[in-house]
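These notes concern the structure reproduced below.
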């Protein structure tokens, strides 16, 4: 009975020896557990993940330190230098001219004309014309109350003229037979707190534009928006009276507001109002 058992042991020993020499199944069985352990991760340590942003933060800190160090170095270098002398602020002394300077003429200084007799700046009345019986005229002047009466709301106009620092007004008016009448006013303001002359010209433009059937043209000799001529083609009608046609012009220059009105029973030609306005603004 012992023979077969030894034969089996011999066979097993022989098989083990053959396996050891060939490095086959026995070696594979020895490696397999390690591979399984690596797959499960129970006994083999894992690699620690690398932190992100650490290098970028170090570079940024180095850049900031470099800028600060450069600024400090530049300041120390500049502080060690000798100060540069600045040029003197005073100008060379100019010798004062002897005597008194001659005043400018009216051609050189516009204020010489406008501060003088304002009535001399009105265009002259044409020969052969007649006085306008409805005109309010005190030797060519209109005081504040008289000028305010020329408007439909004299009380509110009076207050507005006071607020706008009214100084004086020179007026002239005439009638050409029964054809038409002309009314011109030069209104001067003190203009210590506001440009009243331009505001009154804009007010005149506003009401002239509100009239129906109105044509308008810029006034030559004035800047853009500083002078306009209007012709109203639709007459004003009232029972018992002839139709009343009108034309007007508004402009300003400096502290003077110019307004011209022409009324007639026949349509007013553009050439008529334009000629009056050009000649009048030319004297300002």
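General observations
- Protection proxy ranking of 170-177, 159-166, 78-85 - average other beta-carbon atoms within 10 Å, highest first: 170-177, 159-166, 78-85
- Ranked list, fewest to most other Cβ atoms within 10 Å of each Cβ, for 276, 65, 186: 65, 276, 186
- Sites residue 283 and residue 244, calculated FRET efficiency, Cβ-Cβ separation with R0 45 Å, nearest 0.05: 0.95
- Simple label model, 7 Å out from Cα along Cβ direction - residue 234 to residue 178, nm: 2.7 nm
- FRET efficiency for residue 58 and residue 85, using Cβ-Cβ distance with R0 set to 41 Å, rounded to 0.05: 0.30
- Fewest-first ordering of 219, 121 by other beta carbons within 10 Å of each residue's beta carbon gives 121, 219.
- Length gained on full extension, residue 68 to residue 206, computed as 0.36 nm times the residue gap minus the Cα-Cα distance: 43.1 nm.
- Here 244, 89 are placed in order of increasing Cβ neighbour count within 10 Å, fewest first, which gives 89, 244.
- Placing a pseudo-label 7 Å from each Cα along the Cα-to-Cβ vector at residue 75 and residue 270 gives an inter-label distance of 7.4 nm.
The numbers here are math on the coordinates, done by the rules we state, and not lab data. For clarity, every value in this text was computed on a predicted model and none was experimentally measured. Ideal geometry is used to build each Cβ from the backbone, glycine not excepted, and the neighbour counts take in all protein chains shown.
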